[in-house]
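> First the structure, which I've put down as structure tokens, then a few questions once you've had a look.
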Amino acid sequence: MANRIGKAREQQVFAVREATRGTLTAPAATDLIVAAGFAKINQQPSFTDSPEIVNSRDLLADFQDKTPAGQWSCPIIVRPSGSLGVEPNASIFYESLLGKRTVNAGVSVAYDPEMEKPSFSLWVKKSHSVLFASGCTVGKASVTTGPKGGLTLELSGQFMRMGWAGEDELTADAAASDTVLHVADAKKYTVGAMVQLAGDDNGGAGYEVSAVDTTANTITLAAGLAVGGSTGDVVSGWLPAGTETSTPLENRKSTASIGGASLPIKGMTINITDDPQYLEDEITTDGYPVEYVENQRVIDGELDIYFRQNDLRYFQDGLDTNEQAISLNCGDTAGTRVKFAMPRTRLSVPTVEETDPTVALKMGIKALGQTGEDSISIIFD
């Protein structure tokens, strides 16, 4: 078959909540993530040099270590559902970031801090191949608004184990009900991959790969083929046909408030850092992390405003470490609004910036908890 070069824009992203941490879960059409850039999945093994002394200045041996947690990233534009009480696009990202999701039917969907973070499976189609990762969590999120473009959220995190499914041809006929497929190069597939055979996608559900033999060049499916195929038919990675229904938010519809009073802004950034510790130092039978432990979260950011005459008071607020409720609000119609609300926020002393012909202020912000697990809420209403 042709050895074609992948095309960057042939990308699809799906993320689906896992019932059990690290248990790979196949996506449904509604799990589509509308990415605002290129999603990335990467996991590199690590090695330790051998300390054995040999009569050579070359390193002649090393040892493969337990594989560390992988890294993923995916930017999105915030997309409310358009209906009150219906989850936004990429709902699992917000839930994994903070920990708790509350759906108030017909009213709102709120994401709040919780002691534990749920995991999800991430599936990314890269042209001719599908990369996937299990045990994913959102560890960092940065939302930025300004006068142009869409309300962008930069997201990244870690995961337990990576896999893939590529494209290859059958080297032998496969009959209906067969579970073992002979391919030219079985290294293009890993256990857990979801695949389809030309003309046979298991009724739109795909086939799970349960075993791979790179010596015999065979892959074993968890279920028998419904139709079968002939030598030369292509076995490729499977993903559902995604359903895109929401509308992205425009930055121009953003406002901020301090102490309940609306504030004109040039821009605002909120950074949420909540990286759990993946247990890379615990020996497991498969050589990958199988658990993570939540760590302390940090929420900070910046607020950019023009220096108006009454804004001088923020210098005293910064010196006195005064705490106020601060929120970033975007959207102007019910069902298409989002609020990042921080009820207890400390302002830093502003930095003066001359942006000829005007003067501006840049203020750092840091969100604190009140009684715990309440430092920020992300509310779609």
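Quick note: the coordinates plus some simple rules give every number you see, no bench work behind them. Everything quoted here is computed from the prediction, not taken from an experiment. Please note: Cβ atoms are built from the backbone with ideal geometry, for glycine as well, and neighbour counts cover all protein chains shown.
> What is the magnitude of the charge dipole of region 251-380 about its Cα centre, with +1 placed on the Cβ of each Lys and Arg, -1 on the Cβ of each Asp and Glu, and no other charges, expressed in debye to the nearest 20?
1000 debye
> Using θ = phi - 60° and the Karplus form 6.51 cos²θ - 1.76 cosθ + 1.60, what ³J(HN,Hα) does each residue of region 368-381 get, whole Hz, x for Gly and Pro?
Each residue of region 368-381 in turn: 10, x, 8, 10, x, 6, 8, 6, 7, 10, 10, 10, 9, 8 Hz.
> Let me know the shape class of region 251-380, please: from the alpha-carbon gyration tensor, a ≥ b ≥ c as square roots of the eigenvalues, rounded when a/c is under 1.5, otherwise prolate if a/b is greater than b/c, or oblate.
Cα axes put region 251-380 in the prolate bin.
> Right, something else. Note down the nm distance, to one decimal, between modelled labels 7 Å out along Cα→Cβ at Ser142 and at Arg17.
The answer from the label model is 2.9 nm.
> Then there's this: Can you find, among Gly82, Asn104, Phe120, the residue farthest towards the positive end of the dipole of region 81-127? Put +1 on the C-beta of Lys and Arg, -1 on that of Asp and Glu.
Phe120
> Next question, about the same structure. Specify the residue with the greatest mean-square fluctuation among Ile365, Ile77, Ile53, computed from a Gaussian network of the chain linking alpha-carbon atoms under 10 Å apart.
Most flexible of the set in this elastic network: Ile53.
> First select every other residue whose beta carbon is under 11 angstrom from the beta carbon of Val34; then total the charges, Lys and Arg +1, Asp and Glu -1.
0
> While we're looking at this one, here's another question. With each run of n ≥ 4 DSSP H residues scored as -39500 (n - 2.57), what mean residue ellipticity at 222 nm is computed for the chain after dividing by its residue count and rounding to the nearest 500 deg cm²/dmol?
Only helices count here, giving -1000 deg cm²/dmol.
> By its C-alpha gyration tensor, with a ≥ b ≥ c as the square roots of the eigenvalues, how is region 48-191 shaped: rounded for a/c under 1.5, else prolate for a/b larger than b/c, else oblate?
Judged from the Cα gyration tensor, region 48-191 comes out oblate (a/c at least 1.5, b/c at or above a/b).
> Put +1 on the Cβ of each Lys and Arg and -1 on the Cβ of each Asp and Glu in region 287-342; which of Cys330, Phe340, Val298 then has its Cα farthest toward the positive end of the dipole?
Cys330
> So, one more: Can you give the net charge of the other residues whose Cβ lies under 14 Å from the Cβ of Ser46, counting K and R as +1 and D and E as -1?
-4
> Here are some pairs, Lys126/Lys187; Lys100/Lys266; Lys40/Lys66; Lys253/Lys339; Lys125/Lys339; Lys148/Lys253; which of them have Cα atoms lying more than 20 Å apart in this structure?
Flagged as over cut-off: Lys100/Lys266; Lys40/Lys66; Lys125/Lys339.
> Hey, with R₀ at 22 Å, roughly what FRET efficiency would Ala175 and Thr215 work out to, going by the Cβ-Cβ distance, to 0.05?
Plugging the Cβ-Cβ distance into 1/(1 + (r/R0)^6) gives 0.40.
> Okay, moving on. Given +1 on the Cβ of Lys and Arg, -1 on the Cβ of Asp and Glu, and no further charges, what dipole in debye does the chain carry about its Cα centre, rounded to the nearest 20?
1280 debye
> Sticking with this structure for a sec: Among Gly232, Gly150, Gly335, whose mean-square fluctuation peaks in a Gaussian network model of the chain (Cα, cutoff 10 Å)?
Most flexible of the set in this elastic network: Gly232.
> Compare the Cα positions of Thr351, Pro240, Leu181 along the charge dipole of the chain (+1 at Cβ of Lys, Arg; -1 at Cβ of Asp, Glu; about the Cα centre) and return the one farthest towards the positive end.
Sorting the options by dipole projection puts first Thr351.
> Using modelled amide H (1.01 Å from N, peptide plane; none on Pro or chain starts), what sits under 5 Å from the amide H of Asn217, excluding residues fewer than 5 places away?
Ala186
> Then there is this: Give me, ordered by chain and number, the residues 5 or more places off Thr25 or on other chains with an amide H under 5 Å from its own placed amide H.
Ser121
> With a point put 7 Å past each Cα toward its Cβ, work out how far Asn295 is from Arg313 in nm, to one decimal.
3.9 nm
> A further question follows. Can you give me the long-range amide H partners of Ala211? Hydrogens built in the peptide plane at 1.01 Å from N, cutoff under 5 Å, separation of 5 or more residues or another chain.
Amide H neighbours of Ala211: Thr220.
> Whole Å is fine, so just give me how far the alpha carbon centre of region 357-381 lies from that of region 194-209.
Centre-to-centre (Cα) distance: 46 Å.
> Right, something else. Under a 10 Å cutoff between Cα atoms, tell me which one of Arg346, Arg161, Arg79 has the largest fluctuation in the Gaussian network model of the chain.
Ranking Arg346, Arg161, Arg79 by mean-square fluctuation puts Arg346 first.
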